[in-house]
Amino acid sequence: MNKTFNQKAWYFVIPVFVLVAFNAAVPLMTVVNYSFQETFGSNVFAWEGTRWFKEILHSERFHASLGRQAIFTFIILLIQLPLGIFIALTMPKKGWGVPVCLILMSMPLLIPWNVVGAMWNIFALPDIGFLGNSLNSIGFDYNFTQQSGDAWFTTILMDVWHWTSLVVLLSYAGLNSIQPAYYQAAEIDGASRWDIFRYIELPKMKKVLTLAILLRFMDSFMIYTEPFVLTGGGPGNATNFLSLDLVKMALGQFDLGPAAAMSLIYFLIVLLICWIFYSLMMKNEART
Amino acid sequence: MNFYILIKTTDWLIMAKITLKKLSHSYLVNQNNDSDWALRGVDIDWKDGGAYALLGPSGCGKTTLLNIISGLLKPTEGEILFNDKDVTTLNPVERDIAQIFQFPVIYDTMTVYDNLAFPLKNRGLSDIEIDSKVKEIAEMLELSSTLNNRASGLTADGKQKISLGRGLVRSDVNVIMFDEPLTVIDPHLKWVLRSKLKELHQKINRTMIYVTHDQIEALTFADQVVVMHEGQIVQTGTPVELFEKPKHTFVGHFIGSPGMNILPCEIKNGQINFEGKVLPTNTRIKKTNFSKTQVGIRPEFINFSNDGIQVKIKRVSDTGRHKVVDTECKSGNIKVLASASTEIPTGSAHISFDQKYTYAYGDNWIIE
């Protein structure tokens, strides 16, 4: 067999290299560059080695915002997943109710994030907001701008309102792909409603739920815009999540070196948790 | 009530005679004409322990009928009786039926053992009873070695055996129904599973209903085949009856390969006039007022002869065991099936019909 050896086809890959370089590699390497150096502006840099990394890893401030972030993500996953599945299960499977439900469910997802923050800010204001005013008028002492518990409650409620739909839509798609024969067989086998959920619906939804958990984990772990507009991280540092803290450090205090080191640690945490979670979920898949 | 309990607890008393009375079903709320009905006036009497097949093309209503018998669907009209007891309003569990679907339905996260045990657990049997039943059925289906494996890891035929096993494991089933169960099985395994089913039927002697659009599957599995067409039963009979005396032109077309030759003819004075000749037939023709009359003859029962109907030979295809000859006369095309050794004339020829198997059809139904 005669094979022509010609490596010119590699040129076709150049545009991809350029694109990836500019949208991923160059910005990331800039951050890496900053994370090992100290800068005082005007392009003057001094080598600092791993100092910023050590500082961040030992900083109480970082631990606190990481802790807040972890608790926040944990709580919203704990609420949104079961709630999303439950809503998907109760949604109609045919008729005019389907488009109505789908549109209602998609609406929160279509609203720009800063608008969501602004909406909820006004909605929850204790004096003029509908939610804040109503809560106060029925006897709750509610003020999310001053009480950290209320600020958490409002932030979580906002995120549940904004993102549960995503879990609903994914679960609904998963449920709809189950063949009717499974339900018929279960009926003949005398399975209870719980059995049907446990042995048919949940296993069949596994893939979409893995996706839902991954997406909700990543998005909530990196949440910025909505709490920034709603609480700005306050009161005090009560809702100061990781990305809010990061921006404060980088742009507020102009500590570019530590902020860069924190970005990298932040990035690695997200990457690591996603990887562990995905491998665990897919381990069984590969075996079968 | 007492009688019912007796049936459930004693194996030997299980006798499920199935009777369907004037069964009609429509998926629409309002029905205006015949095509709005998935089933129209179905009457069936099935004996206990028989092997029956429902045969028909896709969309003829056979799955609808099956789902009505199993209780997954409530019929729009008519009633279903098991042993003369009306079960029309009962759900599948109360009817004690088993159904095997087109593709394997298994519980992915359970082991093979748990899959087989599931219907028994739901019926509240003790662990010891469940264990012995499951092992017995696994043995019968050759699943013993995989009992502790996860069911999702099995091949398609293994999974289909589990679906089958979940039906067989219950000793109280009145009827086992198969809805094209071999659709997703590889061709060489189809034979294995089909003979397994036949063997099981002889061993456990339960009523089995097998739905298929494949005539070979139906004819090899069943003692009695019910042919369905556009929501109606067009003929019920043994495979031989369906072949030798189709009661409806659809049965003639659908069963046999190639199907029956059906050609327009005239009926005059109780005789079939075809191509200017009187065709002799053994059946007596009494009624004549039809809007459309046809003559039907299977390719197997046509011979080349010296006189008879004049035809042009168009094409001869040799299938190995016999030759299929396409011929043409004024009224249309006629297929002739000749043995491999027959000399096929070229150009024009004469053919004659075996009068024992020549039938007249009025508005698609046999005239007799």
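Within 10 Å of each Cβ of B:147-157, how many other protein chain Cβ atoms are there on average?
Values: counts 0, 0, 1, 3, 1, 5, 2, 1, 0, 0, 0.
Counting other chains' Cβ atoms within 10 Å and averaging over B:147-157 gives 1.
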Item to check | Segments B:265-278, B:107-120 sorted - mean Cβ within 10 Å per residue, highest first | outcome: B:107-120, B:265-278
Next on the checklist: So if I take the centroid of the Cα atoms in the range B:10-70 and the same for the range A:33-59, what is the distance between those two points in Å?
Outcome noted: 79 Å
Checklist outcome for this item: For chain B, the longest principal axis of the Cα atoms and the Cα long axis of helix B:112-122 enclose an angle in degrees, to the nearest 10, of 80 degrees
Item to check | Candidate aspartates and glutamates - alpha carbon under 13 Å from residue B:314, same-chain residues fewer than 8 apart omitted | outcome: B:326, B:328
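Quick check on my link table: of B:287/B:312; B:245/B:268; B:292/B:335; A:206/B:196, which ones sit more than 25 Å apart, alpha carbon to alpha carbon?
On the way: B:287/B:312 33 Å; B:245/B:268 22 Å; B:292/B:335 21 Å; A:206/B:196 34 Å.
The pairs that break the limit, which is 25 Å between Cα atoms, are B:287/B:312; A:206/B:196.
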Next on the checklist: Which order do the peptides A:88-95, A:150-157 come out in when sorted by mean C-beta neighbours inside 10 angstrom, highest first?
Outcome noted: A:150-157, A:88-95
Item to check | Cβ neighbours within 10 Å from other chains - mean over B:104-115 | outcome: 4
Item to check | Partners for residue B:323 among aspartates and glutamates (Cα-Cα distance below 15 Å; same-chain residues under 8 apart left out) | outcome: B:300, B:343
Item to check | Calculated from backbone phi, Karplus (6.51, -1.76, 1.60) coupling profile of the range B:65-82 in Hz, x at Gly/Pro | outcome: 4, 4, 5, 6, 5, 7, x, 6, 10, 9, x, 5, 9, x, 9, 10, 10, 10
Item to check | Helix-only mean residue ellipticity at 222 nm for chain A, each DSSP H run of n ≥ 4 adding -39500 (n - 2.57), per residue, nearest 500 | outcome: -21500 deg cm²/dmol
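I'd like the mean, over residues of A:192-202, of how many other protein chain beta carbons sit within 10 Å of each residue's own Cβ. Before the final figure, lay out the partial values.
Working: counts 1, 0, 0, 4, 0, 0, 2, 8, 5, 0, 2.
Counting Cβ atoms of other protein chains within 10 Å of each residue's Cβ and averaging gives 2.
Tell me the relative contact order for chain B as a rounded percent, counting alpha carbon contacts under 8 Å between residues six or more apart.
Details: 745 pairs, mean separation 57.3, N = 368.
Computed value for chain B: 16 percent relative contact order.
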Checklist entry - Which whole DSSP H helices in chain A pass both tests: a Cα extent of 15 Å or more along the axis and a mean Kyte-Doolittle value no lower than 0.5? => result A:60-90, A:97-110, A:113-124, A:148-176, A:206-221, A:256-287
Checklist entry - Short version: ³J(HN,Hα) in whole Hz for each residue of the range B:253-264, in order, from phi by Karplus 6.51 cos²θ - 1.76 cosθ + 1.60 (θ = phi - 60°), x for Gly and Pro, what are they? => result 5, 6, 9, x, 9, x, x, 5, 7, 10, 10, x
Checklist entry - Which lysines, on any chain, are close to residue B:135 with Cα under 17 Å apart, when same-chain ones fewer than 8 places away are left out? => result B:121, B:159, B:161, B:203
Checklist entry - Long-range amide H contacts for residue B:224: which residues qualify at under 5 Å (H placed 1.01 Å from N, peptide plane, sequence gap of 5 or more or a different chain)? => result B:51, B:53
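For residue B:213, what is the net charge nearby, where nearby means another residue's Cβ is under 10 Å from its Cβ and Lys, Arg count +1, Asp, Glu -1? Working shown, then result.
Numbers: positive: B:62; negative: B:180, B:214, B:217.
That works out to -2.
No lab work stands behind these numbers, since they all come straight from the coordinates. Everything numeric here is computed off the predicted structure, so don't read it as measured data. Please note: Cβ atoms are built from the backbone with ideal geometry, for glycine as well, and neighbour counts cover all protein chains shown.
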